[in-house]
Amino acid sequence: MAHNLFQPHTYEKNMPDEEQLNSLEKEALYSQIKHFGQCPVQLFPGSQGYTGHPGKLVKLLKIGTNEQEGHMQLQQLEIERLNAQIMDITAQNEQTLQERIEEYRNLEKFHRKKLNRTKEEGKFHFDKLKLKVQELKQKQAASKQQFEA
């Protein structure tokens, strides 16, 4: 059993008039035609009583006064779509970059505080050891004086 996989608007009788479409709908329709094509009225000429020219099997969407202009319009739509995607990606990358910069600034502040705290703790311990050494020297000097006396 065959399954119909064509979109409804790709059939000849379902083709909308261009005047009824807004720019987004036109772009979507052009993209559908460009990438997937239109469903032919029939696949095999001569069957079902049709003997006409195969080129007249589908109703073509007119997007310009001639084929070249139509292709240029499709290309322009594609360029605009790609530009919009590039702008979106650029904005997302810029936002991510700003978030990363802020994250690194916060890390830098955290590490500076930690470094200063470690430096202060080291100085405190050094001063404490210095006092202990002075106390030991005084005790040694006092012991030496007692020993000599």
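Some notes on this structure:
- Estimated FRET transfer efficiency when R0 is 41 angstrom, pair residue 104-residue 32 (beta carbons, to 0.05): 0.35
- Distance distribution note for the range 62-149: the fraction of Cα pairs above 20 angstrom is 72%.
- Rough spin-label spacing in nm, given labels placed 7 Å along Cα→Cβ, for residue 146 and residue 128: 2.7 nm
- Residues in the range 79-87 carry Karplus couplings, in order, of 4, 5, 5, 5, 4, 4, 5, 4, 4 Hz; the curve used is 6.51 cos²θ - 1.76 cosθ + 1.60 with θ = phi - 60°, and Gly or Pro positions show x.
We did not get these values from a lab; they are worked out from the coordinates using the rules stated. All of these numbers come straight from a predicted model, not from anything done at the bench. In this analysis, Cβ positions are derived from the backbone assuming ideal geometry, glycine residues included, and neighbour counts consider all displayed protein chains.
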